[in-house]
Each structure stands twice: as C-alpha cells, then as structure tokens.
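The structure appears right after this line, and notes come after that.
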Amino acid sequence: MNALFNESVAEVTRMDSAAVTESYDFSDARRVVDLAGGDGTLLTAVLETFPSTAGVLFDQPHMAPVARQQIDAAGLRERCEFAGGDLFGPLPQGGDVHLLNWVLHDWPEPDAIAVLRGCRRAMAPDSKLLIIEHLIPPGNTPHPSKVYDVVMLVLLGGRERTRKEYGKMLTEPGLTLHRVIDTGSALNIIEARPA
C-alpha cells in the first residue's frame, strides 16, 4: 500500500514540478531542503533546472533507497544528500529555501502548526519556506481545491486552506506570508519568511 501511495504522489509531483520550477527562481538558493520530499521528484527537478543549487531530501528513513535511486539516476549524487527523520522532530538546518510540497493539507491545524514551528526552528533569519498547495479561492465559485478540501477531510482529517487561513496559521510559529505565486497549475506557491 505504501509503495502505491508513494508512486501516486511522485506521479502528481512529476506533473507539477515543471510548473514550480518555471514559476519560482531558485538560482539564489545555495541549498534547498525538501521536507517530506518522498522519492525526490520535486527536488530533482529543482536541481536539474538550477545547476548551482545543492539539495537535502528529508523524509522517513525507509524512503532513502527510493530517493537515492531517483537522485542517482538524475546524476545528482554530488549535489544532493538524504536526511532521515520525522516532520515532528528536528529538521535539517542550513537551507536557504525549505520546501513543503503537498504536506500541510494532510494535517489539521494543531499538527500543521507544529510542522511550521519545526520549519521556523530550522530556518535562518534570511531563509524562505515555500508551501506548495492548493489554495481555496474566496467565494462560492466551483474550484478543484474545494473538492480536494473534502477529500483531505474525509481521508486524513486535513484540509485545503485559503490565503487568509495560511497567513493566520503562519503567524503562530513566527513566520509571515510574504507572497503567493500562481504556478499556472492547480497549485500555488506560498512564500513565507521569518517574522
């Protein structure tokens, strides 16, 4: 079951990676830390697109062999390391950019804020946190994020959120919503910085 889940997440990430790397300029980032980065699909796309950037893939230790295979196949072994751990424990420090791709929507508010607290502790004063998620637009117009919201609630107890909800949620761990970038896909990039 885990293998099927990991494959489906990797396939969705593969489809959205180009939208992320075309929408966000990572060229100033010396080190990108992909938190709960799975098999490394997104981080691989970032490192391939921005050759002066190095990366850290952080996920549960059992993901290391799959991630290393992906990283090695892309010829990125020298620029990418793997760190094993849990999102609710200590997170890798020293990143110019930390990524949370399709992570926070898995969790109800208290858990999502706990993850954000860990991110804030790992961040330097000039670091950035990129939260890549579906944003629920205001109003009652139909939108795919509203369907995802129901799915996340039923399956995991999580939820999709509005820009305003992310802004409020970020303040508690000492972060501020700097800007939201439309990727041209169903996902948005929420750039947060230390307050």
Using the number of other C-beta atoms within 10 angstrom as an exposure proxy, rank Met123, Met63 with the fewest first. Met63, Met123
Post the alpha-carbon centroid distance, the stretch 167-195 to the stretch 47-91, in whole angstrom. 23 Å
Check each of the trypsin sites (Lys or Arg not before Pro) in the stretch 30-107 and keep only those in coil by DSSP with at most 13 other C-beta atoms within 10 angstrom; list them in order. Arg30
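Read-outs throughout are calculated quantities, based only on the coordinates presented, and are distinct from any laboratory measurement. Not measured: the values here are computed from a predicted model. Reconstructed Cβ throughout: ideal geometry from the backbone, glycine too, with neighbour counts over all protein chains shown.
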